[in-house]
Amino acid sequence: MPQIIDGKAISAAIKEELKEKVEELKARDVHICLAVIQVGNDPASAVYVGNKKKACAYIGIESLAYELPEETTQEELLRLIGELNANQKVNGILVQLPLPKHIDENDVIRAIDPKKDVDGFHPQSVGALCIGQEGFVSCTPAGIIQLLKRSGIEIAGKECVVIGRSNIVGKPMALLLLRENGTVTVTHSRTKDLKEVTKRADILIVAIGKPKMITKEYVKEGAVVIDVGIHRNENNKLCGDVDYDDVAPICSAITPVPGGVGPMTIAMLMHNCVEAGNVR
Ligand code: GUN
């Protein structure tokens, strides 16, 4: 049977390391503060924001919550971001996505000071990643690199195939694997003969958003499979983009859903907040 990559345990270990670091910083009178903005009351967003606030409290990071009504104008939101950019006490700013349709997400992301862009979504952060300079990295792909490294999985020289090319996961994932000296292929909905490409992967990262789409026909024997998807199946049970029961027996390591990639996103957000506070 494969190695089950335990995202819950790895994220807990990272949070413990960060908690210690935050205590050390506090002893030097450095206090970390994250501003979390939610516009409207999307129930899924409310859960994510709640989890982020809980993680902050656990680690010792102050969180400022801004719960704005659905009707908030783009101008009002940009004004708040401007104030938080100028506020010396605030180290990180996170605007929960998606935003209501009347607000342009790109304008909002661009308004955040890159020094406080703990989500790593600002074009300057993405550009820095692309050319190998310092900057915040999108939390989910950064978490996947931690899962691999902390599970003893070597990336250098490996054939890495990413399925999905989103700005939040697929593209930064490809750049991070490249930074770790992987040989990287990015596939997407227009890729011809997807199975033929994914079967080359030593490390297969799946972020397509389709429940259980990846069966063993897509996977090379002995591959490492990382599943970014999270869905509810017909029985209201959580499942990923990978058909776990079909794929697990042939791979060398695999992330479960839940308990794989999911817990890493918040751990890396906390990591970015601590970095944001540490540099000042
Ligand atoms: N919505 C879903 N995932 C995320 C995330 O990682 N960051 C933000 N800001 N919004 C999200």
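Restricting attention to the range 92-111, the residues that are assigned to a helix (DSSP H, G or I) and surrounded by 20 or more Cβ atoms within 10 Å (Cβ to Cβ) add up to 1. Listed by position, the helices (runs of 4 or more DSSP H) contained in the range 1-87 that have at least 2 residues being β-branched (Val, Ile, Thr) are 7-27, 43-59.
Residue-wise test of (1) within 19 Å of Leu177 (Cα to Cα); (2) β-branched (Val, Ile, Thr); (3) within 16 Å of the ligand (Cβ to nearest atom); (4) within 24 Å of the chain's Cα centre (by Cα).
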site: Thr198; (1), (2), (3), (4): yes, yes, no, yes
site: Leu204; (1), (2), (3), (4): yes, no, no, yes
site: Ala207; (1), (2), (3), (4): yes, no, yes, yes
site: Lys216; (1), (2), (3), (4): no, no, no, no
site: Val228; (1), (2), (3), (4): yes, yes, yes, yes
site: Val242; (1), (2), (3), (4): no, yes, no, yes
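A search for C-beta distances below 9 Å between a residue of the range 154-183 that is free of Cβ contacts under 8 Å to residues at least 24 places away in the same chain and any residue that is among the β-branched types (Val, Ile, Thr), counting only pairs 6+ apart in sequence or on different chains, returns Arg165/Val186; Arg165/Thr187; Ala174/Val162; Ala174/Val184; Ala174/Thr185; Ala174/Val186; Ala174/Ile205; Leu178/Val184. Within the range 168-182, the residues that satisfy the criterion of being buried (at least 21 other Cβ atoms within 10 Å of the Cβ), under 15 Å from Ile153 (Cα atoms) and more than 16 Å from the ligand (Cβ to nearest atom) are Leu177, Gly182.
For Met173, the conditions (1) under 18 Å from Thr255 (Cβ atoms); (2) in a loop (DSSP other than H, G, I, E, B); (3) among the aliphatic types (A, V, I, L, M); (4) in contact with a Pro (Cβ under 7 Å, 6 or more places away or on another chain) are fulfilled apart from (2). Scanning the range 245-269 for residues that are touching a Ser or Thr at 6+ places or on another chain (Cβ under 9 Å) and of a type outside the set (Gly, Ala, Ser) returns Asp246, Val247, Val261, Pro263, Met264, Thr265, Ile266, Met268.
Checking the structure you have, find out if any residue of the range 16-34 is within 16 Å of the ligand (Cβ to nearest atom), under 30 Å from Leu147 (Cβ atoms) and either modelled with pLDDT of 95 or more or under 24 Å from the mean Cα position of the chain (by Cα) (or both). So far as the range 16-34 goes, yes, one or more of its residues are within 16 Å of the ligand (Cβ to nearest atom), under 30 Å from Leu147 (Cβ atoms) and either modelled with pLDDT of 95 or more or under 24 Å from the mean Cα position of the chain (by Cα) (or both).
Taking the conditions (1) more than 16 Å from the ligand (Cβ to nearest atom); (2) in a helix (DSSP H, G or I) in turn, Asn235 satisfies each one other than (2).
Note on the range 156-172: residues that are of a type in the set (A, V, I, L, M) and more than 11 Å from Leu204 (Cα to Cα) total 3.
Yes/no per residue for (1) surrounded by 16 or more Cβ atoms within 10 Å (Cβ to Cβ); (2) in contact with a Cys (Cβ under 6 Å, 6 or more places away or on another chain); (3) among the polar types (S, T, N, Q); (4) more than 25 Å from Gly260 (Cα to Cα):
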residue	(1), (2), (3), (4)
Gln3	no, no, yes, no
Ile10	yes, no, no, no
Ile14	yes, no, no, no
Glu23	no, no, no, yes
His31	no, no, no, yes
Gly40	yes, no, no, yes
Val47	no, no, no, no
Lys52	yes, no, no, no
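For the range 126-143, taking the residues that are within 13 Å of the ligand (Cβ to nearest atom) and either of a type in the set (D, E, K, R) or farther than 13 Å from Ala276 by Cβ (or both), the one that is surrounded by the most Cβ atoms within 10 Å (Cβ to Cβ) is identified as Pro141. Looking only at the range 87-109, residues that are within 14 Å of the ligand (Cβ to nearest atom) and either touching a Gly at 6+ places or on another chain (Cβ under 9 Å) or of a type outside the set (A, V, I, L, M, F, W, C) (or both) come to 7 in all.
Just a yes or no: is a residue in the range 213-225 of a type in the set (S, T, N, Q), at pLDDT 95 or above and within 30 Å of Lys115 (Cβ to Cβ)?
No - not one qualifying residue is present in the range 213-225.
Criterion applied to Pro123, Pro114 was being within 16 Å of the ligand (Cβ to nearest atom), exposed (fewer than 15 other Cβ atoms within 10 Å of the Cβ) and under 18 Å from Leu269 (Cα atoms), and the one residue passing it is Pro123.
The values are calculated or read from the model by the stated rules, or taken from the named source; none is laboratory data. Remember, it's a predicted structure, so these values are computed and weren't measured experimentally. So basically every Cβ, Gly included, is an ideal-geometry build from the backbone, and we count neighbours across all protein chains shown.
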